[in-house]
Amino acid sequence: MKLLIVESPTKAKTISTILKGEYRVVSSFGHIRDLPKSEMGIDVGHNFEPRYIIPREKTKKVNELKKISKGAKEIYFGTDKDREGEAIAWHLCHILKVDPKKAKRIIFHEITDEALHEAIEEPKKIDMNLVDAQQARRILDRLVGYELSPFLWKKVAKGLSAGRVQSVALRLVVEREEEIKEFKAEEYWSLTAELLKNKKQFPAKFHSLDDKVLDKMDLKNKEQVDKIVEDLENEKYVIEELKEKKVLRQSHAPFTTSSLQQEANNKLGFSAKQTMKIAQELYEGIDTAGRHTGLITYMRTDSCNLSEKFTLQVKNWITSELGKEYAEEKPRKFKTKTRSAQEAHEAIRPTSVQSTPQDIKQYLNRNQYRLYELIWKRAVASQAKPACFSHTIADIKAGNAMFRATGNIMEFDGYMKIYGTESKDIILPDLEKGDKLDLKELVSKQHFTEPPARFSDATLVKVLEEHGIGRPSTYAPTISTIIERGYVERDENKRLEPKEVAFLVNELLVKNFPEIVDYDFTAKLEDDLDDIADGKKEWEPIISEFYKPFKKNLMEKYKEVKKEDVIDEKTDEVCDVCEAPMVVRISRYGKFLACSAFPKCRFTKPMEGEGKEEPEVKESDEFCSKCGAKMLIKEGKYGQFLGCSNYPNCKNMKPINDATGVKCPKCKTGDIVARRTKRGKVFFGCSSYPKCHFALWSKPTGEKCPDCGELMVVAAKGKEKCSNKECKS
């Protein structure tokens, strides 16, 4: 038996359908060794040696792997082809007592028959440079997190955290919010001439005055615009110059991790984390017609390259399906902009151009399909000919002013036929130099400048990449971290809005630990990690060079920075208990009032306008089944519930079930009411529960299906559908 170990059970399942017979494919379920959670786990005094442990929840899996490996003639390690995957393979070697120098490491960027067999025929050695780079990142992040977070607990509030990349990302979000707050809107105006040629109307924008080309902000107020309109209303409008040219619009490069996260956020509304989760599912394998198949190549990459074999497949597909005129003569190559890009890797692409989105739609859920369609179209369109436009510019003289009309007509759709980029034609009437035009009206509009927008996942990933902060594998986790740690929340438009505590922590870090949140310094560390991965640098000196000044500064700041200087804000209020002055303090949840005599007096109270208002408590018609007191209607995490008025002496409570007016079709006696799961999700169940277990996820309408007689329910967008999944109604 030959043993192949990968890190994911789905990946193992897919590979098992390809490598049959003597191969056994098993999963390690991710990392099997890690730094301990209860302590830093790094011996600073001995060259920052990490102390790895097997987490308790991994013990069973490790024992299972040891047992299986004893019966194996050969052991192959097929973990992901990045630093993290290399480190997992290295840890597995130590656990299974395999010499890393002799280990059989197989590298593949797609889970297909050909890729796997090629990898097994030419196994590599474990790349210790990649392992060292992963360890260096892990150690750096652990040192910053475990040393700096306690500083925040002591000087600001418990539960806060700092991180080498996390805190820099937070700084970007906070500084953008500060820009928005400081922004002052400025008024400006636009002027458009609605012109006619042979009764065909078209617009022309005010372009220049007295031979000076106007900037957007040059028309400052209504009085200025009204004067120009008055001067130009009776002028003759004549075409002074007419230019026509062909414009080619090239397709975009195939996706990297960063560009995929940005496009999926912009077009599909996916967060970076959601995009990577779905992409991983597509990479590791989907059940298609009874066989698990990997649909895309590895999704963590910063390369725009495509293999020659794939570009030839695409050329043949385009020629066959769209026509020879759409296919490029030679494969298009794209230069990767990211300085750290691994050019030997490939961009994210489908494993087969023949697996069109429509062909495999039946095997995918909605979000998998939408992301796969985006990846397939982007990769295939990258090898199609450019779109061609006829671009017309007409400069129209009116007294001492010039107006400009532009027209754009698509003559050949090229790659747009595949990628579907919207392009609206702006059609001008037939114009010639010297034509006299009729003025229908001059339209002036008032505008105000707008502040920069809050970061979306897409724009934050773009800026992180531009600054060289983080790498493909870290963008999504970084955004998730600053949200999960309570620094940032999503506003109504899913954009990233920093909370009050984020401003405080960011100010503290910028003032006292400028290097930790410095964009260039963080990017330099990323470059150092890349150099370790390339074998150009050793990891211990880089960590030592970072840690020594960091630790020295940290010790000094423990002495210099006083908590009251950071968080205390004086007020005119006095403590209700001891009458000492009250001060404004902050926790990870926001501001609150606290007694300045702490810890002698621990009185606190919420600030007006901070947090949620105290919900109104109403009496119900029910009495407590335990003590007989009145039950009150209260507001909880998942909505209203009934709680005993004798609380805290009596803690009896029960849910408020919203009736739907529909009788239970199963027991015929109970009513279907709205209820909530433990996680707060609404479902509709029988009021006779637990005697009757009938339940639906969608709200019943009370009508019955004309085909099968089951209840009809409210579906998406208010439409009705049958609750019976096997019924097509």
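Read the figures in this text as sums done on the coordinates, not as results from a lab. Here the structure is a predicted model, which is why all the values come from computation and not from measurement. Cβ placement follows ideal geometry from the backbone for every residue including glycine, while neighbour counts extend to all protein chains displayed.
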Over the chain, one equal point on each Cα, no solvent: what is log10 I(q)/I(0) by the Debye formula at q = 0.05 Å⁻¹? -0.39
Give the residue from Thr677, Met712, Thr660 lying farthest towards the positive end of the charge dipole for the stretch 657-729; charges sit on Cβ (+1 for Lys and Arg, -1 for Asp and Glu) and the dipole is referred to the Cα centre. Thr677
Rank Leu529, Tyr519, Ile543 by how far each Cα sits towards the positive end of the charge dipole of the stretch 487-548 (+1 on Lys, Arg Cβ; -1 on Asp, Glu Cβ) and give me just the farthest. Tyr519
With Glu7 itself left out, Lys, Arg at +1 and Asp, Glu at -1 over residues whose Cβ is under 9 Å from its Cβ give -1
Label point 7 Å beyond Cα of Lys2 along Cβ direction - residues of the stretch 80-99 with amide nitrogen under 14 Å: none
Taking the Cα-to-Cβ direction at Glu703 and at Ile54 and moving 7 Å from each Cα, how far apart do the two end points lie in nm? 6.1
Per-residue HN-Hα couplings for the stretch 285-293 [Karplus 6.51, -1.76, 1.60; θ = phi - 60°; Hz; x = Gly/Pro]: x, 10, 6, 10, 6, x, 10, 6, 9
With a 10 Å radius around each residue's Cβ, average the other Cβ atoms per peptide and rank 100-109, 291-300, highest first. 291-300, 100-109
Just tell me which lysines come within less than 20 Å, Cα to Cα, of Lys704; anything on the same chain fewer than 8 places away is out. Lys663, Lys666, Lys668, Lys717, Lys719, Lys721, Lys725, Lys728
Once fully extended, how much extra length lies between Gln358 and Ala659, figured as 0.36 nm per residue of separation less the alpha-carbon to alpha-carbon distance? 104.1 nm
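In percent, how large is the relative contact order of the chain, given Cα pairs closer than 8 Å and 6 or more residues apart?
Value for the chain: 12 percent.
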Identify, among Asn129, His31, Ser190, the residue whose Cα sits farthest towards the positive end of the charge dipole of the chain, taking +1 on the Cβ of Lys and Arg and -1 on the Cβ of Asp and Glu, with the dipole about the Cα centre. His31
Tell me, what is the Rg over Rh of the stretch 257-381, with Rh the Kirkwood radius over Cα pairs? 0.96
Going through the cross-link list Lys245/Lys433; Lys273/Lys562; Lys13/Lys333; Lys220/Lys243; Lys124/Lys377; Lys222/Lys397, which pairs have a Cα-Cα distance over 26 Å in this structure? Lys273/Lys562; Lys13/Lys333; Lys220/Lys243; Lys124/Lys377
List every residue whose amide H lies under 5 Å from the amide H of Val662, counting only residues 5 or more places away in sequence or on a different chain, with H placed 1.01 Å from N in the peptide plane. Ile672
Residues of type aspartates and glutamates that Lys155 reaches as a straight line, Cα spacing below 16 Å, ignoring anything fewer than 8 places off in the same chain: Glu147, Glu500, Glu507, Glu556, Glu560, Glu564, Asp565, Asp568, Glu569
Starting from the Cα-Cα distance between Val238 and Ser688, subtract it from 0.36 nm times their residue separation and give me the gain in nm to one decimal. 153.8 nm
If you take the beta carbon distance between Lys330 and Ile633 as r and set R0 to 60 Å, what does 1/(1 + (r/R0)^6) give as a FRET efficiency, to the nearest 0.05? 0.25
I'd like the Karplus ³J(HN,Hα) series for the stretch 402-411: coefficients 6.51, -1.76, 1.60, θ = phi - 60°, whole numbers in Hz, and an x wherever there's a Gly or Pro. 10, 10, 10, 10, 10, x, 9, 10, 6, 9
Dipole magnitude of the stretch 2-126, debye to nearest 20 (Cβ charges: Lys/Arg +1, Asp/Glu -1, about Cα centre): 680
In order over the stretch 68-82: 3J(HN,Hα) from phi, Karplus 6.51/-1.76/1.60, θ = phi - 60°, whole Hz, x for each Gly or Pro, gives 5, 5, 5, x, 9, 6, 9, 10, 10, 10, x, 6, 3, 8, 9
Any idea what the dipole of the chain comes to, in debye rounded to 20, about its Cα centre with Lys/Arg Cβ at +1 and Asp/Glu Cβ at -1? 3700
Taking the stretch 174-289 and dividing mean pair separation by its residue count, relative contact order in percent (alpha carbons under 8 Å, at least six apart): 15
Find the relative contact order for the stretch 2-126 and round it to a whole percent, using C-alpha pairs within less than 8 Å whose residues are 6+ positions apart. 24
Above-threshold pairs, the threshold being 18 Å between Cα atoms, out of Lys200/Lys440; Lys199/Lys236; Lys335/Lys537; Lys37/Lys67; Lys154/Lys557: Lys335/Lys537; Lys37/Lys67
Please order Thr701, Thr571 by the number of other Cβ within 10 Å, starting at the fewest. Thr571, Thr701
What percent of all Cα-Cα pairs in the stretch 2-126 falls in each 5 Å bin, counting up from 0? 2, 10, 21, 24, 19, 11, 6, 4, 2, 0, 0
Using just the helices of the chain, give the 222 nm mean residue ellipticity in deg cm²/dmol: DSSP H runs with n ≥ 4 each add -39,500 (n - 2.57), and the total is spread over all residues, rounded to 500. -10000 deg cm²/dmol
For Lys73, which aspartates and glutamates qualify as cross-link partners when the Cα separation must be under 20 Å and same-chain residues fewer than eight apart are set aside? Glu22, Glu64, Asp99, Glu118, Glu121, Glu122
Residues whose placed amide H lies under 5 Å from that of Ala580, excluding near-sequence neighbours: Cys575
Estimated dipole of the stretch 84-193 in Debye, rounded to 20 [Cβ of Lys and Arg +1, of Asp and Glu -1, Cα centre]: 960
